Ligand code: ITT
């Protein structure tokens, strides 16, 4: 039986992507709901790295499991990297995906075509219950459209146009998005980290105990 690995997120869109991205790893992926964990970690830091670290270490200590947390968001070049680590709270605490998109497009209404470049960034923190942490980074470049297009995936995807595919992220299937996204980029690196100590040792210790 594989060691459990906690997917430390309350975002269903992210969780769905990781369930596909992490198939085949030598861990059994479990969600917060499956483990009966309802903790909401206060994302009080200013950077993706620190917020990811906070989420992964808090939940690894609480669950006793290796935990994977992701802090991610959109950086618009013409807005000096806004909304960045504040992507979730950009339009207020209780805003919906569509409120956030409306707010972003209003902030960008005077930015002309050709100056609407942006990055999606993802930082994964992998933490052991003892507090060892490693980071994996991913980035995807694109262009912010003037209007939302597409219904798939989540967050700012309907306004994030991917030039190489000629569609917004919300017009891509989950598999297509994973193959080019910031999260796919970071997750492929995380798979390699999980194969090495100390993460691989925790898996081995469990196998030895069960032998
Ligand atoms: P957890 O902290 O529980 O994981 P969250 O939604 O609060 O969930 P973040 O703090 O990392 O996650 O906020 C990231 C926000 O950035 C997210 O709510 C989206 O609005 C946006 N975002 C991140 N990745 C995205 C993606 O792949 N596509 C579209 N928007 C994304």
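Say whether the condition of being crowded, with 16+ Cβ neighbours inside 10 Å, touching a helix residue (DSSP H, G or I) at 6+ places or on another chain (Cβ under 7 Å) and assigned to a loop (DSSP other than H, G, I, E, B) is met by at least one residue in segment 125-140.
yes
Is it the case, given these coordinates, that residue 55 is modelled with pLDDT of 95 or more, near the ligand (Cβ under 10 Å from one of its atoms) and either within 30 Å of residue 104 (Cα to Cα) or touching a helix residue (DSSP H, G or I) at 6+ places or on another chain (Cβ under 6 Å) (or both)?
Yes, satisfied.
Inside segment 11-27, can you point out the residues that are more than 11 Å from the chain's Cα centre (by Cα), without any contact (Cβ under 8 Å) to a residue 60 or more places away in the chain and within 15 Å of the ligand (Cβ to nearest atom)?
19
Going by the conditions given, is residue 35 farther than 21 Å from residue 196 by Cα and assigned to a helix (DSSP H, G or I)?
no
Is there a residue being under 22 Å from residue 152 (Cβ atoms) and within 12 Å of the ligand (Cβ to nearest atom) anywhere in segment 28-40?
Scanning segment 28-40 turns up at least one residue that is under 22 Å from residue 152 (Cβ atoms) and within 12 Å of the ligand (Cβ to nearest atom).
Output the residue which, of all residues in segment 4-31 that are in a loop (DSSP other than H, G, I, E, B) and touching a strand residue (DSSP E or B) at 6+ places or on another chain (Cβ under 7 Å), is farthest from residue 64 (Cα to Cα).
The extreme case among them is 22.
Every residue in segment 65-94 that is more than 17 Å from residue 49 (Cβ to Cβ) and within 9 Å of the ligand (Cβ to nearest atom), please.
89, 90
Identify the residue in segment 41-51 that is within 12 Å of the ligand (Cβ to nearest atom) and at pLDDT below 95 and, among all such residues, is farthest from residue 83 (Cα to Cα).
41
As an exercise: evaluate residue 8 against (1) touching a helix residue (DSSP H, G or I) at 6+ places or on another chain (Cβ under 6 Å); (2) away from the ligand (no atom under 12 Å from the Cβ) and give the number of the one condition it does not meet.
The number of the failed condition is (2).
So, of the residues in segment 98-115 that are in contact with a helix residue (DSSP H, G or I) (Cβ under 8 Å, 6 or more places away or on another chain) and not in a loop (DSSP other than H, G, I, E, B), which turns out to be nearest to residue 15 (Cα to Cα)?
Among those that are in contact with a helix residue (DSSP H, G or I) (Cβ under 8 Å, 6 or more places away or on another chain) and not in a loop (DSSP other than H, G, I, E, B), it is 101.
Please enumerate the residues belonging to segment 53-93 that are farther than 20 Å from residue 120 by Cα and in a helix (DSSP H, G or I).
54, 56, 57, 58, 59, 60, 61, 62, 63
The values are calculated or read from the model by the stated rules, or taken from the named source; none is laboratory data. Bear in mind that the values here come from a model prediction, so they are computed numbers and not experimental data. FYI the Cβ positions are ideal-geometry reconstructions off the backbone, even for glycines, and counts take in every protein chain you see.
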